[in-house]
Structure formats: C-alpha cells, structure tokens
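Derivation of every value follows stated rules applied to the coordinates shown; laboratory data play no part. Keep in mind the model is a prediction, meaning the values are calculated, not measured. With ideal geometry, Cβ positions are generated from the backbone for all residues, glycine too; neighbour counts draw on all protein chains shown.
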Amino acid sequence: MRIGFVRRGHSSTGGAEAYLIRLAAALQNAGEETTLVTTSDWPAERWPFGEILRLPGNTPREFATAFQNARTSCDIHFSLERVPGCDVYRAGDGVHAAWLSRRDAFEPLWKRATRWMNRKHAEILELERSVFDPSRTGLVIANSRMIRDEILTCFAFPEDRVRVVYNGIHPLGDLPPREVARQKFGLDPSTFCVLFLGTGWERKGLSTAIKATEMLDDATLLVAGRGPADLYPSRNAHFLGAVTDIASLFAAADILVLPTWYDPFSNACLEALAAGLPVITTHANGFSEILTPGIHGDLVPAGDALALATALEAWREADRRAGARPACLDLAREFSMERNARETLEIINQSKSSFLERPSHSH
C-alpha cells in the first residue's frame, strides 16, 4: 500500500513535521510505501522515505486547491493539513473554531475586535468546515478526547468515524549528567530550574509561566524555542532560542511547565515524562488526559499564575521529584511511536476497506 502524507510547508522545529517523520519511519519499517505531498519548503534531505510530490500553495486554501487538482499514485491519502478529499485526516492542529473561542477568555477586547481583519482565520474556518464534511473526508484521527469532543460539538461529523490515537515518541536515550547540563546553560547548581519548551509562546502561556516563576525564591525559568523574547522581560527567565540538544535541557531542568490556553496534545510534555521530569500543565492540553495529578505532576487553570506558583512550590523538593521519576518513566513508555504507528495503520487499513465512497485518488 502506498500512503500519501499531505502536509503544507515545513518548520525545522515544528511538532507536526517531527511527528510525520517518526510516523513515516515506523510505517516503512512495517513494510509500507510512503510519499510526501507538500510544497517547495520541505527540504529533500528531511524526507528519506520515498517520493516527494511538490505542489504550489502559499496559503492553506491555495494548497488545498492544488491538491484536489493533482494526480498522485497513492492508494490512501493521509493528511495532517486541512485539505478536503483525504481518506484520513489527523487533526493534530486541533479545531480552529474551538481555539478562537478559548482565546476570547485571554485576549483584550481590542484584539478580539481586530482579529477578523486577518483573512487567515476565515480561510482556515472555511477549510475546516470542508474537512469535517463527512462526504469529503473518510476517517478522522484526534490526538486526544478533548479534540474528538470539539470536533463532534462543532461539526456534524459521524462519531463512529472519529478515532482517538494519542501521540507517540521514541525513547530519549541516556541524559547527560545534571552538573554538565547545568554548566552548558550557565545555571547555578542549586537553583530550582523550571523548563518551558516550545514555540507559540502566547498560546502556550509563557506570560503565566514567567509570573509564576517570579513569585518563587531562587527559581530560574529556562525558555527554549523561537519567539519574541523582548516582549517577555523578566529577571528570572533565561531565553535560549531554538535548542537541538533536548537531552541536555531535560537533564538541567527540575520540572516542565506548559500553562497553555490550548494544545491538542503536547509532545514536549510526553518527552519530559520520558526524561523522568514531572509536568505541570492545564486541562486545555489534551496531554492532561493521561496525567495523574500528584503522581506525574499537576494540573492548574489556564492563566492562573498563582495556582501555577503554588504547584511549582509543591514540587520544589528534590526527594518528591525523585520519587515521581519511576512513575513518569513508566507512563511515557506506554506512549511509544510504535504504538502510535500501529494504531494509525489500523485506521488507514479500515479507511482503505471502508464502504464509504471516497473522492477519486487520481487527484
């Protein structure tokens, strides 16, 4: 079976790109053929898994139109992009309509009033309605129950055609010694080190993380990822930019925080567990569905810096974090990339043999 993966654009630090590469590698190991349907942005060396079919598309709508007019030799089209006409759509970016609704609770009125001056939102919502039209898409994969429920609430899509498959990761391997990692990032050996990892800082609640850390004595917030550091002045925050040595980050940190407004399922949280770190996040993160508060970390309300500071203080003791380490590692092992690929392939096979009428594959 030749599986065509559909994804517009490329980001070297993008979670969707990293997931797609892991999934393609796992499926190739299982004997499947893979093709990437993308734009000119994707570097050829980042896709050693078969053919690359490049389509025009500077905007999501242009790419969706190009895909529908294209011809491929694929048996199944599996999309990580809001593109109507695919056999399987993985809603890894969540539901844009639900995200906009959540934003209203955090953004000032002037920002909400000017939002629709940006045509991007209207374009994405239009594509989303097309993707969740049951006559145009076969099966949908949600990476959390939160996203599944949002799909069913916002769209008239059949419940039995939405499946939940949680994210998966590869083992991290051995971490460097804590002392070595701390020296690398210029950290005092005794400071309580809180890690914030990712891009999209506003949505992921960086301002809440900064406020909470500033409420603590002798605490440093490591911020890893691309973003406008000048908009987040803080005496406690240490901005690292994009970091490729993730193992050293986790070795240097004591705990990961992600006080996000909206995250379908954070891979960074899962990777932190795999490094033995407890995680503090919010119910607005699909990852929260697998976390047991008090065992693997804690859950706090989005935007509540005091609640986050209180939770961080409760995890300050090294003995408590060390005691949680085995449970964090055990939970992370349950969510392997092999498991994710196996469950995803089952859905792809169901799509291929489904009685549902599909759009023609001679795109």
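Odds and ends about this structure:
- If the convex hull is drawn through the Cα atoms of the range 202-254, its volume per residue in Å³: 82 Å³
- Taking the longest Cα principal axis of the chain as reference, the axis of helix 15-29 is set at about 60 degrees.
- Sorted by Cβ neighbour density within 10 Å, fewest at the top, the residues Y166, Y89: Y166, Y89
- Longest DSSP-loop-exposure-free segment, trypsin sites (Lys or Arg not before Pro), the chain, at most 12 other Cβ within 10 Å: 72-234
- Angle between the chain longest axis and helix 60-69 axis [Cα atoms, degrees, rounded to 10]: 30 degrees
- Binning all Cα-Cα separations of the chain at 20 Å, short to long from zero, yields these whole-percent fractions: 29, 56, 15, 0.
- Gyration tensor over alpha-carbon atoms, the range 228-363, equivalent ellipsoid semi-axes in Å: 34, 19, 16
- From the C-alpha gyration tensor of the range 66-210, square roots of 5λ in Å: 36, 24, 15
- When the chain is described by a simple charge dipole with +1 on each Lys and Arg Cβ and -1 on each Asp and Glu Cβ, the residue from V279, A181, P60 located farthest towards its positive end is P60.
- Ranked T38, T65, criterion: other C-beta atoms within 10 Å, fewest first: T65, T38
- Using alpha-carbon coordinates, inclination of helix 318-333 to the longest axis of the chain, degrees: 10 degrees
- Distance between the range 33-47 and the range 189-205 - C-alpha centres, whole angstrom: 31 Å
- Karplus-derived HN-Hα couplings along the range 189-197 (A = 6.51, B = -1.76, C = 1.60, θ = phi - 60°), whole Hz, x at Gly and Pro: x, 9, 5, 7, 9, 9, 9, 10, 10
- In the range 178-333, Cα pairs under 8 Å separated by at least six residues give a relative contact order of 23 percent.
- Close Lys-Lys pairs in the chain, where close means Cα under 22 Å and separation is 8 or more or interchain: 4
- For the chain, size of Cβ-based charge dipole, Lys and Arg +1, Asp and Glu -1, in debye: 740 debye
- When the chymotrypsin sites (Phe, Trp or Tyr not before Pro) in the range 191-259 are filtered for DSSP coil states and for at most 15 other beta-carbon atoms within 10 Å of their beta-carbon, no site remains.
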